[in-house]
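Have a look at the structure below, then the notes.
Throughout, read-outs are computed from the coordinates displayed, never taken from laboratory work. Predicted model, so just to flag it, every value in this text is computed and none were measured. Here the Cβ positions follow ideal geometry from the backbone for every residue, glycine too, while neighbour counts run over all protein chains shown.
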Amino acid sequence: MSTRAAPEARERILDAACDVIAAHGIDDMRIARIATRAGVSPALVHYHFETRESLLGEALEHSFELLGDFRTTRADAEGWTAARRLGWMIDQSLPFPGLGDREWRLWLELWGMAARRLELRPLAARLYERYEAWIGEAIEQGIEEGEFRARDARAATQRLIAAIDGLGLRVLVEDPEMTPDRARALIVEALAADLGVQERAFDPRGES
């Protein structure tokens with residue numbers, strides 16, 4: 001196997017694992033299914049990942065990186081206000097068709113397994129730390145520039161993430177009482193009160 005082919009195969013395996021785990025769950029994961037989807041041999045999957053837990057952990061890291069690249073494409077656009085950045089971040093954090101829906105299903109797998117397996121809890125904490133840093137940077141920017149009137153950026157960040165997690169789960173399971181639009185509206189309403197700004201400031205289109 002060439003040095004160039006190995007990383008490419010590993011990336012394909014991780015991407016295929018994300019799809020399979022999101023669709024079937026880690027407990028019903030089949031190496032043969034992942035190998036077929038990735039276009040590699042089952043032996044190569046076993047070579048790269050010794051256990052299901054290691055595969056889940058790296059798949060989550062892989063998904064986080066992919067979605068992180070997508071999220072920052074516009075959230076870091078020059079000239080955006082902190083509130084507008086946060087509005088975009090909320091949109092990309094709630095379940096949406098494609099990558100966002102897949103990431104949520106992977107998170108559900110991690111939450112469920114980490115509740116039972118102590119060794120997975122550091123992974124959950126590490127991913128939350130990275131997510132919190134991403135959201136927190138925008139909130140800190142708004143406080144420093146006088147856009148937000150909150151005093152505790154970390155507390156505001158954690159409250160926002162808790163709202164996204166709780167309402168996003170109801171969106172994911174298609175609760176008829178919690179559409180994506182309603183979830184976003186409730187999150188923005190609470191965030192606006194928390195940060196001392198008007199709700200329309202969080203429109204990522206920049207409309208008032």
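A few remarks follow.
- The longest part of the chain holding none of the exposed loop GluC sites (Glu not before Pro), meaning those outside H, G, I, E and B in DSSP with at most 14 other Cβ atoms within 10 Å, is 79-144.
- Shape call, segment 1-50: gyration tensor on alpha carbons, a/c limit 1.5: prolate
- Calculated FRET efficiency for the pair residue 179/residue 118, C-beta based, R₀ 41 Å, to 0.05: 0.65
- Segment 127-208: C-alpha gyration tensor shape, a/c 1.5 cut-off, then a/b vs b/c: oblate
- Cα-only Debye scattering, segment 86-155: base-10 log of I(q)/I(0) at q = 0.20, 0.21, 0.22, 0.24 Å⁻¹: -0.92, -0.96, -0.99, -1.05
- The gain in end-to-end length when the residue 48 to residue 133 segment is fully stretched comes to 27.6 nm, 0.36 nm per residue minus the alpha carbon separation.
- By the Stokes-Einstein formula, at 1.567 mPa s and 4 °C, the chain with its Kirkwood radius over alpha-carbon pairs has D equal to 70 µm²/s.
- Between the beta carbons of residue 205 and residue 144, assuming R0 = 22 Å, the FRET efficiency works out to 0.35 to the nearest 0.05.
- A simple count of charges around residue 101, restricted to other residues whose Cβ falls under 13 Å of its Cβ and scoring Lys, Arg +1 and Asp, Glu -1, yields -1.
- Applying the criteria of a DSSP loop state and at most 12 other Cβ atoms within 10 Å to the trypsin sites (Lys or Arg not before Pro) of segment 127-183 yields 149, 151.
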